[in-house]
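The values are calculated or read from the model by the stated rules, or taken from the named source; none is laboratory data. It should be emphasised that the depicted structure is a prediction, and the values quoted were computed from it without experimental measurement. Don't worry about glycine lacking a Cβ; one is built from the backbone with ideal geometry, like all the others, and counts go over all protein chains shown. Note: accessible area is taken over every heavy atom of the protein model, side chains too, but ligands, DNA and RNA are not part of it. Shrake-Rupley method; radii C 1.70, N 1.55, O 1.52, S 1.80 Å.
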Amino acid sequence: MSFGALIGRDMRLAWRGGGSTLLSVAFFATVITLVPLGIGPQSALLRAVAGGIVMLCAALAALLSLDHLFQADFDDGSLEVLATGPLSLESLTASKIAAHWLTTGMPLVAITPLAAFATELPGNNLVALLEAVALGTPAVSAVGAIGASLTLSTRRGGLILPLIVLPLLAPVVIFGAGIVRYTQDGAPNGAFFYLAAFSLAAVLLSPFAAAAGLRMNLNA
């Protein structure tokens, strides 16, 4: 099976298998609309923390479907078959990361304007927020794949996964919020380039780390 065919297969399974994509999008939209209710009528405070809140919600929403990244294939034996195929485990994990972002990260980017509206961000901040979510969500999928591979054969791995992954995603939240903050106060902070570098490094290196985790579980 080719790399593109694997991506297409995983995307079809994601849409058919339990609506995890819709769950992630619904979680993101629900939390984003509830946060302003908790902060109250303090619009200035809401706009000041909007970037961090949106990035944190996007990371949490993407995590909801990460525990299924390898689990279904592992349970029914498909993962062992794919591991013996022509593609390396690194290519296999890269295809699953790509499929996860296309079915989860991209929809989150698409509804980011709703988050900007809910947090009362002005129009000139919307592009910055879109950039932050678009740059940050690939890193969430990539880093999350490492955690998913390590917890593959662990009981209640879905509960352990966020504890492993969330601390590693701190740069996504910090730099994503910094991109929005730059458009608000105009003070250069390099957040765009830091987030782009972190996301690129995560996407390039995580297939190797996730493949090592898969080998550990397949050989156990």
The helices (runs of 4 or more DSSP H) lying entirely within the stretch 98-156 that contain at least 2 residues which are open to solvent by less than 20 Å² (accessible area, probe 1.4 Å) are 112-118, 123-150
How about the stretch 203-220: which of its residues are assigned to a helix (DSSP H, G or I) and surrounded by fewer than 20 Cβ atoms within 10 Å (Cβ to Cβ)? Val203, Leu204, Leu205, Phe208, Ala209, Ala212, Arg215, Met216, Asn217, Leu218
Of the residues Leu200, Leu169, which is open to solvent by less than 30 Å² (accessible area, probe 1.4 Å) and within 30 Å of Glu80 (Cα to Cα)? Leu169
Those residues that are open to solvent by 40 Å² or more (accessible area, probe 1.4 Å) and either aliphatic (A, V, I, L, M) or under 22 Å from Val140 (Cα atoms) (or both), I need them from the stretch 67-89; list them, please. Asp67, His68, Gln71, Ala72, Phe74, Val81, Leu87
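Matching residues to (1) in contact (Cβ under 8 Å) with a residue 12 or more places away in the chain; (2) out of contact with any Lys or Arg (no Cβ under 8 Å at 6 or more places or on another chain); (3) among the small types (Gly, Ala, Ser):
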| position | (1), (2), (3) |
| --- | --- |
| Gly40 | no, yes, yes |
| Gly51 | yes, no, yes |
| Leu56 | yes, yes, no |
| Leu60 | yes, yes, no |
| His68 | yes, yes, no |
| Asp76 | no, yes, no |
| Ser91 | yes, yes, yes |
| Trp101 | yes, yes, no |
| Ala110 | no, yes, yes |
